[in-house]
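Following: one structure in structure tokens, then a few remarks.
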Amino acid sequence: MAEKLPELSVFFPFWNEEKNIEKVVGSAVEVASRVASKWEIIIVDDGSKDSTLEKAKKLASSNPNIKIISHNPNRGYGAALKEGLINSKYEYVAFTDGDGQFDFNEIDKFIAEIKDADMVIGYKVKRNDPFGRLVLMNMLKAWDYMFFSLWFRDIDCGFKMFRKKALDEIMPLRSEGAMITTEILAKAIRKKLVIKEVPVNHYPRQFGEQSGANIPVVIRAVLESLILWWDIKNRRV
């Protein structure tokens, strides 16, 4: 067995994931206790309308290593990620999306690479997303290359790992919507941080609904990307 990390913060953004939260967090508890000597799990509930928050509270009441951050009302994917990143206290920080489409056991791949990197970002071997989302993600790659000269295999993959000190280099983060990952990577490149990529499996969503292809989400992402481009162009970040 590989040597354990000294400490690890793990967080998950949840929005209406009442049928996924228990499995996602339960798996993370098992994995975190295996790979790290000290660990915490942060549940970020982004204004869920179902029983996600209620189930989160039950999970936290049974384990002191589990913490909850709750938004009311819903603020967006980027806002949830920012809360997780800001409130993670340990030397290494990792997250996956809360929809159950990743296997957190694959964190071993990230741990192997983080020794020589500031950030490790996953890329899906095969995307199990609806057609509309696949189209949008390809458009995002082209958009990010055109505006920010970013070219990664999977910019928006919801499985990433960071060194806490690397996050401190790129804070504060402004985006509250889907452009949060673009902002993270664009700022990391400006700071000359070392970024590595690892392949991860992506499983079909069993419960709940995708929200990334909603028109308001797309419009918000475009506006946030233009603001980010302007800030970088004028050296405000």
In deg cm²/dmol, rounded to the nearest 500, the helical mean residue ellipticity at 222 nm of the chain, built from -39500 (n - 2.57) for every DSSP H run of length 4 or more, is -13000 deg cm²/dmol
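Counting alpha carbon pairs within less than 8 Å and at least 6 residues apart, what relative contact order, in whole percent, applies to the chain?
23
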The percentage of the accessible area of the chain (probe 1.4 Å, all protein chains present) made up of carbon and sulfur atoms, to the nearest whole number, is 54
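Give the shape of segment 159-201 as rounded, prolate or oblate, defined through the alpha-carbon gyration tensor: a ≥ b ≥ c are the square roots of its eigenvalues, a/c under 1.5 means rounded, and otherwise the shape is prolate if a/b is larger than b/c and oblate if not.
Details: a/c = 1.76, a/b = 1.16, b/c = 1.52.
Cα axes put segment 159-201 in the oblate bin.
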Spelling it out for residue 67: with amide H atoms placed in the peptide plane at 1.01 Å from N, the residues 5 or more places away or on another chain with amide H under 5 Å from its amide H are 41, 42, 43
With 0.36 nm assigned to each residue of separation and the Cα-Cα distance removed, residue 4 to residue 74 gains 21.6 nm
Mean-square fluctuation maximum in Gaussian network of the chain, Cα pairs under 10 Å, restricted to 81, 173, 223, hits 223
Computed over the chain, protein heavy atoms only, probe 1.4 angstrom, the accessible area per residue in square angstrom equals 49
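Net charge around residue 69, counting only other residues with Cβ within less than 10 Å of its Cβ (Lys, Arg = +1; Asp, Glu = -1)? Intermediate values should be presented prior to the final figure.
Working: positive: 67; negative: 45, 46, 83.
Around residue 69, the surrounding residues sum to -2.
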Neighbours of residue 193 by Cβ distance under 15 Å: Lys/Arg at +1, Asp/Glu at -1, summed charge +3
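Could you work out the local net charge near residue 79, counting Lys and Arg as +1, Asp and Glu as -1, over the other residues with Cβ closer than 12 Å to its Cβ?
On the way: positive: 75, 82, 174, 220; negative: 45, 46, 83, 176, 224.
Once all neighbours under 12 Å are counted, the net charge is -1.
The values are calculated or read from the model by the stated rules, or taken from the named source; none is laboratory data. Keep in mind the model is a prediction, meaning the values are calculated, not measured. Every residue, glycine as well, gets a Cβ built from its backbone with ideal geometry; the counts of neighbours run over all protein chains shown. Accessible surface areas use protein heavy atoms only, side chains included; no ligands, DNA or RNA. Shrake-Rupley method; radii C 1.70, N 1.55, O 1.52, S 1.80 Å.
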